[in-house]
Amino acid sequence: MERFVIIGAGAAGISAARVLREFRPDDVITVISTDEKIHSRCMLHKYLGHERDADGINFAGTDFFENNNIIHIACETVSKIDTENKTVYFGEGYSAPYDKLLIATGSGFFIPPIPHFREAPNVFGFRDLSDALKIDEAFGKGKRVFIVGSGLVGLDAASALCHRGAEVSIAEMAPRVMPLQTDEYAASVYQKVFEEQGCRFLLGIGASDAVVDGEGNITEVILSNGEHIPCDFIIMAAGVRPRIQIALDSGIAAERAIQTDDHLRTSAPDVYAAGDCTGLSGVWPDAVEQGKVAARNMAGVDEVYPKPYPFKNTSNFFGVTMLSVGRLDLTDGAEILVHKTPKEYKKAIIKDGRLTGYLSLGDISNSGLYLYLIREGIDVSGKQDKIFRLTFADFYGINEKNGEFAYKT
């Protein structure tokens, strides 16, 4: 009987636990997590907006651990991994031995070195349920919120709080909202719908200082242009960092992220890593897939992790849906094609005959094909005139010799 330990109960950790139980029905599986309950990071805004409770954002089911005979050690942080003796240490002197270990610690928010921001008790991230609980408590004391960053995390928090009547100001260093996922037109559409909900955007501007009260809480943010923005609390949404400290403290190779091979093995024997902590991808479906692949390898199946889709994101704010995949900023020497109607907007970037970036605003049907074309580097030469009407039939067909489904060359 083998002992499997998983650090983290996010997308990668839970998918790994599920797959391990399928392959190893009688072995011991233990999950150690800092949060009390399983929750979807992608659904945190539903909790913060009071549209769902904590059970409503549990993506695995409230009885997941009991139903799968998995030991769950909640509200504990792993302090050390003894890779030589294969033991994980946590809490006040507790330990758990393992035969195979998975690190799935995810990523955390980052506070830049702005005066007072790192010390103030009313500055929060928005990555975990514990963050949402703190923000919810702060909102009960004051409704003026200052959000740093207008990416997906920042707009998730803004949409939830707008739903509850907050007074929201959003600072973004870039000249447009969601700078990594949009172009100028798509950004303008999202900015308009948020402004209609009462949000104020401060674009091309950063926070440079703050005014604090006697308890150290920030009461005003001072912008780089000298303007003072009153606030009751602040949400940091301008960047995340893979949680790698436990690997560093345990002698496991890590720099900006935990280093893994193509089987998601780390530098330590029988220790694997999956999810945001690996830096391989920052989106939920990829973390789920990494957890599955790591688990199958831990169970003895030889499986290589396929490269993830590059820069893939979907969003839906106030009824406006968008898909963004690939690089929209790499336009030098590229052919840029645009389709625009009153109800939809699509953009394709083609370089050297390959689709390198794709944006769809309004209608994101058939998106799987465009994700595939970018990831696999499929040649789309000669198909520019129908680039927004492509189907898999344009690239695959029946081989006349053997009748098999094959790629058209």
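Bear in mind these aren't lab numbers, they're just calculated from the coordinates by the rules spelled out. None of these values were measured; they are calculated from a predicted model. Quick reminder, even Gly has a Cβ in these numbers, built from the backbone with ideal geometry, and neighbours come from all protein chains shown.
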Next item on the list: Subtract the Cα-Cα distance of residue 363 and residue 267 from 0.36 nm times their separation in residues, and report this length gain in nm to one decimal.
Entry: 30.2 nm
Check: What's the percent breakdown of Cα-Cα distances in the stretch 202-289 across 5 Å bins, shortest bin first?
Finding: 3, 12, 17, 14, 9, 8, 11, 12, 9, 5, 1
Check: Using 7 Å Cα-to-Cβ label points, what is the residue 87/residue 381 separation (nm, one decimal)?
Finding: 6.2 nm
Notebook entry, point to check: In units of 2.2 N^0.38 Å, what is the alpha-carbon radius of gyration of the stretch 19-112?
Noted result: 1.25
Checklist line | Binned Cα-Cα distances of the stretch 65-118, short to long, each 10 Å bin given as a whole percent | finding: 17, 38, 27, 14, 4
Note to self: As a quick test, which of the pairs 37/134; 80/134; 134/292 have an alpha carbon distance above 23 angstrom in this structure?
What the structure shows: 80/134; 134/292
Next item on the list: Report the full-extension gain for the segment residue 372 to residue 42: residue separation times 0.36 nm, less the Cα-Cα distance, to one decimal in nm.
Entry: 116.5 nm
Note to self: For the stretch 304-355, what does the convex hull of the Cα positions come to per residue, in cubic angstrom?
What the structure shows: 112 Å³
Item checked: All-pairs Cα distance distribution in the stretch 233-281, expressed in whole percent, bin size 10 Å -> 27, 49, 16, 8, 1
Next item on the list: Determine the distance separating the Cα centre of the stretch 196-263 from the Cα centre of the stretch 139-184; give it in Å without decimals.
Entry: 13 Å
Next item on the list: Calculate the radius of gyration of the Cα atoms of the chain to one decimal place, then report Dmax, the largest Cα-Cα distance, as a whole number, both in Å.
Entry: 23.1, 81
Note to self: Using the Kirkwood formula on the Cα atoms of the stretch 314-407, what hydrodynamic radius do you get, in angstrom to one decimal?
What the structure shows: 14.2 Å
Notebook entry, point to check: How many nm separate the modelled label positions at residue 80 and residue 193, each set 7 Å beyond the Cα in the direction of the Cβ?
Noted result: 5.1 nm
Check: Given only helices, namely DSSP H runs of n ≥ 4 each adding -39500 (n - 2.57), what is the per-residue ellipticity at 222 nm of the chain, to the nearest 500 deg cm²/dmol?
Finding: -6500 deg cm²/dmol
Notebook entry, point to check: Can you give the three extents of the C-alpha atoms in the stretch 99-230 along their principal axes, from longest to shortest, in whole Å?
Noted result: 53, 42, 29
Next item on the list: Work out, step by step, the length gained on full extension between residue 66 and residue 52: first 0.36 nm times the residue separation, then minus their alpha carbon distance; give nm to one decimal.
Entry: 2.7 nm
Item checked: Close Lys-Lys pairs in the stretch 314-407, where close means Cα under 27 Å and separation is 8 or more or interchain -> 12
